[in-house]
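Taking it in order: structure first as C-alpha cells, then the write-up.
The values are calculated or read from the model by the stated rules, or taken from the named source; none is laboratory data. Computed from a prediction, not measured in an experiment: that's the story for all the values here. Quick reminder, even Gly has a Cβ in these numbers, built from the backbone with ideal geometry, and neighbours come from all protein chains shown. Note: accessible area is taken over every heavy atom of the protein model, side chains too, but ligands, DNA and RNA are not part of it. Shrake-Rupley method; radii C 1.70, N 1.55, O 1.52, S 1.80 Å.
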Amino acid sequence: MQQLVEMSMYQLGQIFLFPTLALVSLLFLYAFWLLGHFALQAWQRRNGGGRPLLARFREAPNLNGDELDVYAHTLLEAPRIASRVTPMLGLVATMIPMGPALKSLSDGNLAQVSENLMVAFSAVILALIAASITYWIVNVRRRWLAEELLEVEALRQRTGGVA
C-alpha cells in the first residue's frame with residue numbers, strides 16, 4: 001500500500017514537469033517584455049510623460065486618493081505576482097527532475113543523470129533571472145507611483161480639487 005502511494009505521488013509529480021517548464025519559459029519571456037515596457041516608460045518619464053496616475057487623475061479629477069491607490073496596485077499586480085511566483089516555479093522545476101536523476105544515478109546511468117540535472121538547473125536559473133528582473137521593476141515602479149500620488153495631491157491643492 002505504501003509503495004502504491006509513493007509511486008502515485010512520484011508519477012503525479014512528473015506530470016507537472018512540462019507545465020512548470022512552460023510557465024517558467026513564459027514568465028522568462030514576460031520579464032523581458034516587461035523590461036522593454038519599463039525602459040519605454042522610463043524614457044517617457046524623462047520627457048514628461050509615462051505617468052499613468054497623473055493621466056488617470058486628469059481624465060477623472062473627482063477620483064480620490066484611495067481610488068488612485070487602488071489603480072496603482074492594479075498596475076503593479078501582474079509583475080508583482082510574477083516576481084513572487086517565478087522562484088517557486090523554478091524550485092518546482094528543479095525538484096521534479098531530481099527524482100529521475102537520483103534513480104538514474106542508482107542505476108548507473110550517468111547520461112540520464114546529466115540530462116535531468118541539466119533541465120533542473122536551467123529551469124531554476126531562468127526562473128531566478130526572471131524573478132530578479134520583475135522584482136526590480138516592481139520596486140522602481142512602486143516608487144514612481146508613490147511620487148505620482150504626491151504630484152496628484154499637489155495638483156489637487158493648487159487647483160482646489162479640480163485638475
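Structure data summary
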{"read-out": "Per-pair calculated FRET efficiency, R0 = 22 Å: Met98 and Leu35 via Cβ, rounded to 0.05", "value": "0.15"}
{"read-out": "Inter-label distance, nm, simple model (7 Å from Cα along the C-beta direction), Gln2/Gln44", "value": "6.1 nm"}
{"read-out": "Reduced Cα scattering model of the chain, Debye log10 I(q)/I(0), q = 0.12, 0.13 Å⁻¹", "value": "-0.67, -0.72"}
{"read-out": "Accessible area expressed per residue, the chain, with surrounding protein chains retained (probe 1.4 Å, Å²)", "value": "63 Å²"}
{"read-out": "Between region 48-69 and region 89-128, the Cα center-to-center distance that results, in Å", "value": "48 Å"}
{"read-out": "Cβ-based charge dipole, region 1-138, positive-most Cα from Leu40, Val113, Gln14", "value": "Leu40"}
{"read-out": "Radius 15 Å from Cβ of Trp43, net charge of other residues (Lys, Arg +1; Asp, Glu -1)", "value": "+4"}
{"read-out": "Relative contact order (percent, whole number), the chain, Cα cutoff 8 Å, 6+ residue spacing", "value": "35 percent"}
